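Colleague: After the structure tokens below, expect a handful of questions from me.
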Amino acid sequence: MRIVRSMIVILAVAAGAAQATPSVGAEYPERPVTFVVPYAAGGATDLLARTLGHMLEQRLGKPFVIENRPGASSVIAATFVAKSLPDGYTIMLATSTTMAINSAVFKNLPYAPLVDLSPVALIATSPFVLVVNSGLPVRSVGELVQLAKRTPGELSYGSSGPGSAHHLFMQLLASMTSIKLTHVPYRGTVPAVNDVVAGHIQMMFADMSTSLPLIRAGSLRALGVSTSNRLEGAPDLPSLAEAGVPGYDASAWQMVVIPTHTPKEIVEKLYGALREIQTDPAFRATIVQRGMGPLNSPPPAELEQFVKAEIVRWAKVAQDAGVANSQ
């Protein structure tokens, strides 16, 4: 009987302790969170991460510290995050390059989308704009194509790295117009844009947030946006489809991801905070002002299906553009 009573007491104490213990994510975060950006400071993804980090800090009470880890088409940053502890204290603002394009372009990735990295929230879409150096004697996509055909391989373009959206979008354009261009990879968007302005390279597909001020100042000339329709934030710019390349349609996207096996409660808490931010009118206005498309993210489970579909889609684009498994 004494043994039975002792067991009852032990079970009662254990049950009480379990009821008193908060769930895994209840107190999250208890310290600063590292928010990894796979590109250099100053680009569209970096600016978006800094805005999100500030608003997450306001809602969750702890700093979200931006850490830029550029290079290798976001592979360096993605690998770092994939190998981090799945405790919610290392997250990343990944892009379509990170989660979809790299699977098509690289032969052996050191991380696997949806295996090592899990979606939390889809934040925005990012149309790009085809820009050229203001001194280049072309004022339309048609004139650019004609110049490229007269001087095959002599016109160069920049990207944030081999296999990046900047790279693949231009490869798609070259494939659709039968022109030959020279690729010059950079460690981020900003240095590439700066070299287009300086005339060291002739063109690139640039992020809207980075290029719009330079376009309006006359430092760059815009020939068209990458999406099939004009943008709300820049209605004066034609789409490439209407500017001379029928059927051209491409855009990037940004998504908060986290190491796989992070506790579900933490993922849900982050998702809830991010969805709240996405409904903030000031945040949405900022996104539009930067030339991006604000979104209302589906839940993480649905995002996994979205990423799977994007991997299939970009694999076909990479194959058609001749860059599949090229890195």
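The values are calculated or read from the model by the stated rules, or taken from the named source; none is laboratory data. It should be emphasised that the depicted structure is a prediction, and the values quoted were computed from it without experimental measurement. Please note: Cβ atoms are built from the backbone with ideal geometry, for glycine as well, and neighbour counts cover all protein chains shown. When the accessible area is computed, the model is the full protein with side chains, heavy atoms only, and any ligands, DNA or RNA have been set aside. Shrake-Rupley method; radii C 1.70, N 1.55, O 1.52, S 1.80 Å.
Colleague: List the residues whose amide H sits under 5 Å from the amide H of L117, counting only those 5 or more places along or on another chain, with H placed 1.01 Å from N in the peptide plane.
Modeller: A112, T260
Colleague: Also: To the nearest 10 square angstrom, how much accessible area does T279 have with a 1.4 angstrom probe?
Modeller: Its heavy atoms expose roughly 80 Å² to the probe.
Colleague: Still on this structure, I have one more. Given a 1.4 Å probe, how much area per residue of the stretch 143-183 is accessible, in Å²?
Modeller: Here the residues of the stretch 143-183 average 38 Å² of exposed surface.
Colleague: With angles folded into 0 to 90 degrees, how steeply does helix 141-150 sit against the dominant principal axis of the chain? Use alpha carbons for both and round to 10.
Modeller: 70 degrees
Colleague: Can you tell me how much longer the chain between S134 and T151 gets when fully stretched, taken as 0.36 nm per residue apart minus their C-alpha distance, in nm with one decimal?
Modeller: This chain segment gains 4.3 nm when fully extended.
Colleague: So how tilted is helix 300-321 from the main axis of the chain? Cα-based, degrees 0 to 90, rounded to 10.
Modeller: That works out to roughly 30 degrees.
Colleague: If exposed means no more than 14 neighbouring beta carbons inside 10 Å and the site is in a DSSP loop, what's the longest run of the chain without any exposed GluC sites (Glu not before Pro)?
Modeller: 31-153
Colleague: How do H54, H166, H200, H261 stack up against each other in accessible area, from largest to smallest, with a 1.4 angstrom probe?
Modeller: Of H54, H166, H200, H261, the descending order of accessible area is H261, H200, H54, H166.
Colleague: Let me ask something else. Using the Kirkwood radius over Cα pairs, work out the Stokes-Einstein diffusion coefficient for the chain at 20 °C and 1.002 mPa s, in µm²/s as a whole number.
Modeller: Approximately 102 µm²/s, per Stokes-Einstein.
Colleague: What is the helix-to-structure angle for 264-278, meaning the angle in degrees between its Cα long axis and the longest Cα principal axis of the chain, kept from 0 to 90 and rounded to the nearest 10?
Modeller: Roughly 50 degrees, rounded to the nearest 10.
Colleague: Calculate for the chain the 222 nm mean residue ellipticity that helices alone would give, adding -39,500 (n - 2.57) per DSSP H run of length 4 or more and normalising by residue count, nearest 500 deg cm²/dmol.
Modeller: -13000 deg cm²/dmol
Colleague: So, one more: Let me know the Kirkwood hydrodynamic radius for the stretch 27-92, please, with Cα pairs as the basis and the value in Å to one decimal.
Modeller: 12.0 Å
Colleague: Taking θ = phi - 60°, what integer Hz values does the Karplus form 6.51 cos²θ - 1.76 cosθ + 1.60 yield along the stretch 167-177, in sequence order, with x for Gly and Pro?
Modeller: Coupling constants for the stretch 167-177: 5, 5, 4, 6, 4, 5, 4, 4, 5, 6, 10 Hz.
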